[in-house]
1. Leaving ligands, DNA and RNA out of it, rank His62, His104 by accessible area with a 1.4 Å probe, largest first.
2. If the convex hull of the alpha-carbon atoms of the chain is projected onto planes in all directions, what is the mean projected area in square nanometres?
3. With the chain treated as a Gaussian network of Cα nodes joined by springs under 10 Å, which of Gly99, Gly87, Gly115 yields the largest mean-square fluctuation?
4. Pull up all non-local amide H partners of Val31: gap of 5 or more, or a different chain, and H-to-H distance under 5 Å with H placed in the peptide plane.
5. Compute the convex hull volume of the Cα atoms of the stretch 40-118, divide it by the residue count, and report the result per residue in Å³ as a whole number.
6. Choose one of His104, Thr42, Ser27: the residue whose Cα lies farthest towards the positive end of the charge dipole of the chain (beta-carbon charges +1 Lys, Arg; -1 Asp, Glu; about the Cα centre).
7. Tell me, what is the per residue accessible area of the stretch 83-146 in Å², probe radius 1.4 Å?
8. Please identify the GluC sites (Glu not before Pro) of the stretch 39-146 that satisfy two criteria: DSSP loop assignment and at most 13 other Cβ atoms within 10 Å. Which are they?
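The values are calculated or read from the model by the stated rules, or taken from the named source; none is laboratory data. What you are looking at is a predicted structure, and each value in this text was computed from that prediction instead of being measured. With ideal geometry, Cβ positions are generated from the backbone for all residues, glycine too; neighbour counts draw on all protein chains shown. What goes into the accessible areas is simple: the full protein's heavy atoms, side chains included, and nothing from ligands, DNA or RNA. Shrake-Rupley method; radii C 1.70, N 1.55, O 1.52, S 1.80 Å.
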Amino acid sequence: MTASDSPADCPFCAIVAGRLPSSQVYSDDDVVAFLDIRPVTTGHLLVVPRAHAASLAELDEHAGARIFTTAQRLAAAVRGSGLPCEGVNLFLADGAVAGQEVFHVHLHVLPRTTGDGFKLSPQFRHPDRAELDANAAQIRAGLPPR
Ligand SMILES: [Zn+2]
């Protein structure tokens, strides 16, 4: 499958094409943003590329940039909307193990308020510098060419 295919069973492609309803907030040639139907907090938005991409690896960098800048603008919009919003998280799950449930890339815009109940529960590690440097070298070696 290429990034431009629109699988018939992809709910976000169906929303982009207007075959499924959505409470849309923003749309342009590259991206569409709409309210999550299972919001974690009031005003929880999803920003998706128009072109189907199942994962970050399939998403072209232009679309990735457009998703982020759109989320940035939507964060400002939510803060100014009158909906409860004291802060914002941007969250993207890439891969099932990361919590991705719909395999069309989507960036969550999560309005946050004190006591809203949303939390990540990381177990922070404390690696030494040698391990950090070795990890950095491995990641540098995996950078795709520009
Ligand atoms: Zn799709």
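1. His62, His104
2. Details: hull surface 43.7 nm².
Result: 10.9 nm².
3. Answer for the Gaussian network model of the chain: Gly115.
4. Distant-sequence amide H within range of Val31: Arg50.
5. Working: hull volume 6.7 nm³, N = 79.
Roughly 84 Å³ of hull volume per residue.
6. Among His104, Thr42, Ser27, the one farthest towards the positive end of the dipole of the chain is Thr42.
7. Each residue of the stretch 83-146 exposes 75 Å² on average to a 1.4 Å probe.
8. In loop regions of the stretch 39-146 (DSSP not H, G, I, E or B), the sparsely surrounded GluC sites (Glu not before Pro) are Glu86, Glu101.
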